[in-house]
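Participant: I'd like to ask you about the structure that follows.
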Amino acid sequence: VLRRYLTLALKVLARRKVFTAISLIGICFTLVVLTVAAALLDHVFAPHPPEVRLDRTLAIFSVEMSGPTYRSMSPAGYRLLDQYARGLPGVERLAICSLPGTVNSWVDGRKVESYLRRTDADFWRVLSFDFLEGGPFADGEVERASMVAVINESTRRRFFGEAPAVGRAIEADGQRFTVVGVVRDVPILRIVPFSDIWVPLTTAKSDGWRRGLRGHFWGLLLARDRADFPAIRAEFASRIARVDFQDEAVETLVAVPDTLFAHVSRLFLFQRGEGESHPERLAALLAGLGFLFMVLPAVNLVNLNMSRILERAPEIGVRKAFGASSWTLVGQFLVENVVLAVLGGLLAFVAAHFVLGAIDQTGLIPYSDLRLNPRVFLGGLALAVVFGVVSGVYPAWRMSRLHPVEALKGGTR
Amino acid sequence: VIRHALRLIWNRKRANLMLMVEILVSFLVLFAVATLGVFYADGYRRPLGYEWENVWSVDVEQNATERSSERPAGPTDAGDAEAAETLRQVLLAARSFPGVVRVAAAFPGPWSDAQMVRQDERGGRRLDYRVATADDGLADVLGLRLTAGRWFSAEDDGATWTPVVVNERLAQEVFGGEDPLGQRLNGEREPDGQPAREELRVVGVVDEYRPDGEYGASVSFAFTRGHADNPASNAARSLLVRVAPGTGAQTQEKLAARLQAVARDWSFRVTPLAEVRASANRLRLAPVVAVGLVAASLMLMVALGLSGVVWQSVTRRRSEIGLRRAQGATAGQIQAQVLLEIGLLSSVALAVGIALLVQVPLLGIVDWLGARVYLADLFVSAAAILGLALLSGLYPSFIAARISPVEALRYE
């Protein structure tokens, strides 16, 4: 039966080319937008190398300190992480890295701007970078403050053209580093690993970074298991409750190890400084926005479908007169609509591929590597089916209620 | 004629209801996007209150101690003597650098990632406003326009209170129509009930200051006086340097190198405000452009869908139209009838939409847009949707007008 429905559906769709085209354009456009949005979310939040263990990584991104007249929010300081976040139960490793800052270099009289990030050696163990040449710097090199650097592919090209870079020197921000490794580019939206140049923490020009509770550092905690997250948070909270401020102006300090998604949700929903983060609210917001966006295309499609049905009133009348039940007709129409939606979905997939390529091309998001993967593909397909069913139900119901006699006459109501 | 058209619409109320829902929803979408557009256009039009051309920002990271960085510093804080000497050398080097016209300090500077918000209580009312610590030279370097009073100067040196310069928005908010000069800005007590730790007294008013740039909102803002040569003052963290027009990127690097040579274990970052502004604006505009593109495509889709539906209804009503033609209606009258129907349908939907939006003072949107702009925005969006609906009815109406009575009647 389903097969007959399918062939019938395709035939019906081919008969009314203009209508089918208009519906397809609508469906296709809607799904392109949703697919691109999904690909962007996937690009930012899904576990891609180097963040392959994202599911059991927590990070301390920011601290909020408040006193009687002011409130300050900033990234964590090294002292806070070093003194209070080490050796938390259930944590396999702690990596500390600075936020990336821009630095200038001069190559053959040309100004090159790069992001530079200072990290410890555990950074390379918590994250799994893809090394094209050489390798990361080790604990010893961090301790000795060796002037070594890991750079990304694009930086290698900017400094040395296509030639290998390991063993050669680069100058950045007035410091000279020897390149020990070259990694594949990491997109800027992967905020945790992203940079152009990574150098040891200890190569900072001044020693002030060691002393602050606030500063410009992030701490990455690799847990043994997701299930340990609450225990880790609780232990960290009880430790920072004992911080000695040595300063009467600060009364409270709040810092919570968050997942990446929870951190982004804090930033977007202004939940900074609240102890609990509510990532589910951001998820709900995103889903809500997606839903709102789908309302107009769905109503549009419903209207087109209603027209199509009214046009086919005589056919429906005949089928009813010959004893087809309402449910059969509803089923037939839904199949027709879902076929249309899935066709639109496939078209959208091809179109989304080009849109994503175009976004990559513009360079709006440095090193972005937007692509469609099976996850996004399946999601898009499911969405297409849902879209087809939702926009088909009401017209199908209306159709099934057509009175056979009236329908045969070309029912207008 | 209109009554007749209304009756026709009423006859097919179910199908038309869905069409009206579609028109209503597209109106709401267009209105939302138009409001966003108006907000940005309006922001771009209004003055920033400062001049960013030929100004470079120099971020200074001292080899600082914990204490000085953990506390909002006042002018009385005694800095570490060694740091003070280094800072003096740095300022000297910057001022005497060829191409540099004037050096001032302000933290956070324009477009800075950092934000400082002060929370005061005044007359039982909570008062939140953005602040920056600025030194005596800032008004010159940024070209701030004072509308009353004066900028900070050596006159303030002996004062027992902290001098502040506010923007007109903050002055209006706190003092209403009163003259703010010489008045106390913060209340006697902190929000938590403690006695106030310092007294802020207004010495001047600038017309406008929008630290987040053209696409940021207007905020209530106050500058407090700080000193670029006091290492404990926030002002010393961020210098603003006015350079001679045409000073290039090479000089940036040389300036950074020169400062580095003076203070070996500090770090400096020299960036023209023009660059900071460009990247901040790009970041703010990208989502708006994306939303605009999506909305434009949505409208196109609605237009296509509507014209498909109208077309369909025209073909289905061939016999009715043929009959009218046979009774002597002209092609023009038929076309007008089709357009009238879709026009009426949209008008009803739009009336509902406008009635909805007028009721809801959307999240204070009316406040910052102003009632006139809000209404204009409302009617322009409505007119645009009406135009869109008529446009999508145009082609089907041609088809309807071309129906020949003979053929149509025989078709039945």
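The values are calculated or read from the model by the stated rules, or taken from the named source; none is laboratory data. Predicted, not measured: the structure shown is a model, and the values here were computed from it. Heads up, the Cβs are rebuilt from the backbone with ideal geometry, glycines too, and the neighbour counts pull from every protein chain shown. Note: areas computed on protein heavy atoms with side chains; ligands, DNA, RNA excluded. Shrake-Rupley method; radii C 1.70, N 1.55, O 1.52, S 1.80 Å.
Participant: Return the distance in nm (one decimal) between the two label points of a simple spin-label model at residue A:145 and residue A:160, each offset 7 Å from Cα along Cα→Cβ.
Facilitator: 2.6 nm
Participant: Continuing with the same structure: Compute the Cα gyration tensor for the range A:214-336, then decide on rounded, prolate or oblate, letting a ≥ b ≥ c be the square roots of its eigenvalues: rounded whenever a/c is under 1.5, prolate when a/b is larger than b/c in the other cases, and oblate in all that remain.
Facilitator: prolate
Participant: Within 10 Å of each Cβ in peptide A:301-310, how many partner chain Cβ atoms are there on average? Round it to a whole number, please.
Facilitator: Rounded to a whole number, the mean comes out at 6.
Participant: Picking from B:205, B:262, B:218, whose Cα lies most toward the positive end of the charge dipole for the range B:184-333 (charges on Cβ: Lys, Arg +1; Asp, Glu -1)?
Facilitator: Selected residue: B:218.
Participant: Can I ask one more? Just counting partner chain Cβ atoms within 10 Å, what average do the residues of peptide A:73-85 show around their Cβ?
Facilitator: The per-residue average across the peptide is 1.
Participant: Could you sort B:22, B:199 by accessible area so the largest value comes first, with the probe set to 1.4 Å? Please list the in-between numbers first.
Facilitator: Values: B:22 0, B:199 50 Å².
Sorted descending by solvent-accessible area, the residues read B:199, B:22.
Participant: Accessible area lost on pairing A with B, both sides, 1.4 Å probe, Å² to nearest 100?
Facilitator: Values: alone 20530 and 21640 Å², together 37620 Å².
Interface between A and B: roughly 4500 Å².
Participant: What does the C-alpha gyration tensor say about the overall shape of the range A:294-362? Classify as rounded when a/c is under 1.5, otherwise prolate if a/b is larger than b/c, or oblate. Mind showing how you got there, number by number?
Facilitator: Numbers: a/c = 4.12, a/b = 2.88, b/c = 1.43.
It is prolate, given that a/c is not under 1.5 and a/b is the larger ratio.
Participant: Using a simple charge model, +1 on the beta-carbon of Lys and Arg, -1 on the beta-carbon of Asp and Glu, nothing else, what dipole does the range B:286-408 show about its Cα centre, in debye to the nearest 20?
Facilitator: With only Lys, Arg, Asp and Glu charged at Cβ, the dipole is about 440 debye.
Participant: Which residues, if any, in the range B:230-259 lose at least 10 square angstrom of accessible heavy-atom surface (probe 1.4 Å) when the other protein chains sit next to their chain rather than the chain being alone?
Facilitator: Hits at the 10 Å² cut-off: B:249, B:250, B:252, B:253.
Participant: With each label point set 7 Å from Cα along the Cα-Cβ vector, what nm distance links residue B:291 and residue B:4?
Facilitator: Going from the residue B:291 label point to the residue B:4 one covers 4.5 nm.
Participant: With a Förster radius of 30 Å, plug the Cβ-Cβ distance of residue A:132 and residue A:110 into 1/(1 + (r/R0)^6) and report the FRET value to the nearest 0.05.
Facilitator: Details: r = 23 Å, r/R0 = 0.78.
Efficiency, rounded to the nearest 0.05: 0.80.
Participant: Can you find, among A:100, A:18, A:33, the residue farthest towards the positive end of the dipole of the range A:1-113? Put +1 on the C-beta of Lys and Arg, -1 on that of Asp and Glu.
Facilitator: Result: A:18.
Participant: Measuring from label point to label point, each 7 Å out along Cα→Cβ, what is the residue A:375 to residue A:17 span in nm?
Facilitator: The two pseudo-label positions are separated by 4.2 nm.
Participant: Find the Rg to Rh ratio for the protein assembly as shown, where Rh is the Kirkwood radius over alpha-carbon pairs and Rg uses the same atoms.
Facilitator: That ratio is 1.06, to two decimals.
Participant: Once the convex hull of the alpha carbons of the range B:290-412 is built, what does its volume come to per residue, in cubic angstrom?
Facilitator: 109 Å³
Participant: To continue, here is another question. Can you pull the percent of chain A's accessible area that's carbon plus sulfur, 1.4 Å probe, other chains left in place?
Facilitator: Of the solvent-accessible surface of chain A, carbon and sulfur hold 61 percent.
Participant: Okay, moving on. Would you work out the charge dipole size for the protein assembly as shown about its Cα centre, treating the Cβ of every Lys and Arg as +1 and the Cβ of every Asp and Glu as -1, and quote it to the nearest 20 debye? If you can, show how the numbers build up before the last one.
Facilitator: Working: 90 positive and 84 negative charges, 1049 e Å.
Using Cβ point charges on Lys, Arg, Asp and Glu, the protein assembly as shown gives about 5040 debye.
Participant: Calculate, for the range A:159-223, the solvent-accessible area per residue in square angstrom, rolling a 1.4 angstrom probe over the heavy atoms of the protein chains.
Facilitator: Ligands and nucleic acids excluded, the figure is 32 Å² per residue.
Participant: Express the accessible area of the range B:180-297 per residue in Å², computed with a 1.4 Å probe while the remaining protein chains stay in the model.
Facilitator: That works out to 40 Å² for each residue.
Participant: Another question about this same structure. In chain B, what % of DSSP beta bridges are antiparallel (nearest 5)?
Facilitator: Looking only at bridges with both residues in chain B, the antiparallel portion is about 75 percent.
Participant: What number of lysine-lysine pairs in the protein assembly as shown show an alpha-carbon separation below 28 angstrom, given a sequence spacing of 8 or more or placement on distinct chains?
Facilitator: 11
Participant: Quick one: length gained pulling residue B:347 to residue B:114 fully straight, 0.36 nm per residue minus the C-alpha distance?
Facilitator: 79.0 nm
Participant: Give me the orientation-averaged projected area of the Cα convex hull of the range B:167-295, in nm², one decimal.
Facilitator: 13.5 nm²
Participant: Could you sort A:343, A:378 by accessible area so the largest value comes first, with the probe set to 1.4 Å?
Facilitator: Output order, biggest surface exposure first: A:378, A:343.
Participant: Ok, one more. To the nearest 10 Å², what's residue A:372's accessible area with a 1.4 Å probe?
Facilitator: Ignoring ligands and nucleic acids, residue A:372 comes out at about 40 Å².
Participant: Quick one: Cα centre-to-centre distance for the range A:151-182 and the range B:1-28, in angstrom?
Facilitator: 67 Å
Participant: With the cut-off at 18 Å, report for the range A:86-203 the share of all Cα pairs above it, as a whole percent.
Facilitator: Here the tail beyond 18 Å accounts for 47 percent of pairs.
Participant: Evaluate 2.2 N^0.38 Å with N set to the residue count of the range A:1-139, then give the Cα radius of gyration divided by it.
Facilitator: That works out to 1.82 for the range A:1-139.
Participant: When N is the residue count of the range A:310-413, what does its C-alpha Rg come to as a fraction of 2.2 N^0.38 Å?
Facilitator: 1.57
Participant: Using the Cα gyration tensor of chain B, with a ≥ b ≥ c the square roots of its eigenvalues, what is the shape: rounded (a/c below 1.5), prolate (a/b larger than b/c) or oblate (neither)? Could you put the intermediate results ahead of the total?
Facilitator: On the way: a/c = 4.21, a/b = 2.62, b/c = 1.61.
Judged from the Cα gyration tensor, chain B comes out prolate (a/c at least 1.5, a/b above b/c).
Participant: Taking each residue of A:37-43 in turn, how many C-beta atoms of other protein chains fall within 10 Å of its C-beta, and what is the average?
Facilitator: Averaged over the peptide's residues, the number is 0.
Participant: Once neighbouring chains are kept in place and the probe is 1.4 Å, which whole percent of the accessible area of the range B:255-412 is contributed by carbon and sulfur?
Facilitator: Values: 5340 of 7920 Å².
Result for the range B:255-412: 67 percent of the exposed heavy-atom area is carbon or sulfur.
Participant: Any chance you could run the full-extension gain for residue B:407 through residue B:250? It's 0.36 nm times the residue separation minus the Cα-Cα distance, nm to one decimal.
Facilitator: 48.5 nm
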